[in-house]
Structure formats: C-alpha cells, structure tokens
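The values are calculated or read from the model by the stated rules, or taken from the named source; none is laboratory data. Bear in mind the structure is a predicted one, so any value in this text is a computation, not a measurement. We place every Cβ from the backbone using ideal geometry, glycine too, and count neighbours over all the protein chains shown. With ligands, DNA and RNA removed, areas are computed over all heavy atoms of the protein, side chains included. Shrake-Rupley method; radii C 1.70, N 1.55, O 1.52, S 1.80 Å.
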Amino acid sequence: MKKQGLKKIESYIGLGKVDTHMHSNYSDGKPTIEEILDYVENKTDLDLIAITDHDTIEGAVLAEKIVAEKKYRFEVIVGEEISTTDGHIIGLFLTEKIPGGKSCEETVNLIKKQEGLAIASHPFQHTKFSDEYMITMDGIGTKNLFDLRFSLDGVEIVNATPTLADENIAATAFNRMVLRIAETGGSDAHILEAISMGYTVFEGKNAEDFKQAIKNHQTQAIYGRWSILVLFKYLFFFIPLGLRLLWNSAFGRKK
C-alpha cells in the first residue's frame, strides 16, 4: 500500500502517529532542535515525536519548552537513548537524565522510577567496529531481552535505518513468539528528511493516549517510504562515521 493511502486510513480511523526515536545535534544528529520542530510541523503528519539523544535529555527538554511556547500542533516526549553496558535502551517520558554505563537491568529500573517507558532499541543490531570516543549502534541482544521480558515496556521492531531490515525481522519474530510486549517503530533519524520513515500508530492523538496504548500492547509499528534522494543524503551523512570507525578499529587512536 502506498504511504499516501496509509495516511488517509490512519486519519480516517482516528489513529495517532508518533516517531519514537530521533537524534539532534545535542548528540550525533545533524539538525538543531529548532530545525526538527519546524520540519515536523510543516513536512510531516506526526502527532507526537520523541527526541532521544544519546545519554542526554537536554535537547528534548528544550524542544518540549519551545513546542509549548509556540503552540505547535504536535507534542514532544522527552526521551533519551541510554548507553548501557549491554546495549542501547530508550527511556520515554523522562524528567531527569539517566546516566549511561549501567547495566540494562539497572537502567530499566531507573526509567521506571521516573514512571517512564523502557524500550529496547534495535535490539539485534551490533556494530562490528568500535571506538570508545564515538557513539555506535548496539542493541541489548537475545539474553537481555529475555531476562527483561517482564520489565521492558516495548521493543523497537521497526528501526528505519536502511541497513537494519534483517534485525527488524528478528526483533519482530522474537517479540511475537517470546516477549509479547508492545511494539514500536521509529526513524532513528539523524537528518531531517529521515524523520517519520519509521513510526508507531496508536488509538488516540496525545502523549497520554500513546503511553496507555504501550501499556495495553495496542500499538503498531510502520515503515515510511524512502526516496532515492533521501537515501543518498543519509548515506553521505554516515560515510564519514563509517570511515572513522573502520580506521580507528584497524589502526587504533593515538592518545
């Protein structure tokens, strides 16, 4: 089904639409908070966005403030993609920053103390090259997913990063056969044009409706539709990162 047709169906049956995963220049994304908000307002039909920068909520808190002051048509969820010792976990509806470097179990507990939602992001992705000075993409993996099956609120089964098709299929299968928790979709956008290339639909329109839908396991993850131009833009954004990772993994970094 074409994306335009899907939009009409979502609108007709009263479903809300949220992109649960994106990054700004407060971590490793390219756009500023102001650029993200203007793009969402004018170029998408999203009802909610979650700004989930790595190990900080500073940009998300700023976004929430701007949206309230300027009366944008959509809401902002304060989020954070937290770097645990086991991989990345997204915290949504946060009021305070959660420090990285803790176990995934401890991280989930800290999210719950804030009455937030804990989402396993790209759980089966593992970056082959590593660099202690750079943010990479790592999920918590099968064992941690199973161990946390009663405490996680959701699992990301649609991450719109173009190279993650197999990992998304694995996350979907594992969740539907084993975990049976709420499913989310997010763009993991690092450039403006990638926003809403992955998203989650739910009954309702606002942030509280979405939070309740997650708790009731009543969400659906959806893929957006990439254009060739946007794919090339994303490729050229990530090429320098990939080259630095490869170089530093092969030859090391001088102290």
> How much accessible area per residue does the range 141-221 have, in Å², with a 1.4 Å probe?
Replying inline: 41 Å²
> Any idea how many Lys pairs in the range 20-145 come in under 19 angstrom at the alpha carbon, given 8 or more places apart or on separate chains?
Replying inline: 10
>> Between Gln212 and Asp166, what is the label-point separation in nm under the 7 Å Cα-to-beta-carbon projection?
In response: 4.2 nm
>> Please list the three semi-axes, largest first and in whole Å, of the ellipsoid equivalent to the chain, using sqrt of 5 times the eigenvalues of its alpha carbon gyration tensor.
In response: 25, 22, 19
> Distance in nm between label sites at Glu35 and Arg149, each 7 Å beyond Cα in the beta-carbon direction?
Replying inline: 4.3 nm
> Do you know the relative contact order of the chain, to the nearest whole percent, from alpha carbon pairs under 8 angstrom that are 6+ apart?
Replying inline: 19 percent
> Treating the beta-carbon of each Lys and Arg as +1 and of each Asp and Glu as -1, no other charges, what is the dipole magnitude of the chain about its Cα centre, to the nearest 20 debye?
Replying inline: 560 debye
>> At 1.567 mPa s and 4 °C, plugging the Kirkwood radius over alpha-carbon pairs of the range 32-101 into Stokes-Einstein gives what diffusion coefficient in µm²/s?
In response: 104 µm²/s
> Dividing the convex hull volume of the Cα atoms of the range 74-199 by its residue count, what figure in Å³ per residue is obtained?
Replying inline: 113 Å³
> Using a 1.4 Å probe on the protein chains only, how many percent of the accessible area of the chain belongs to carbon and sulfur?
Replying inline: 55 percent
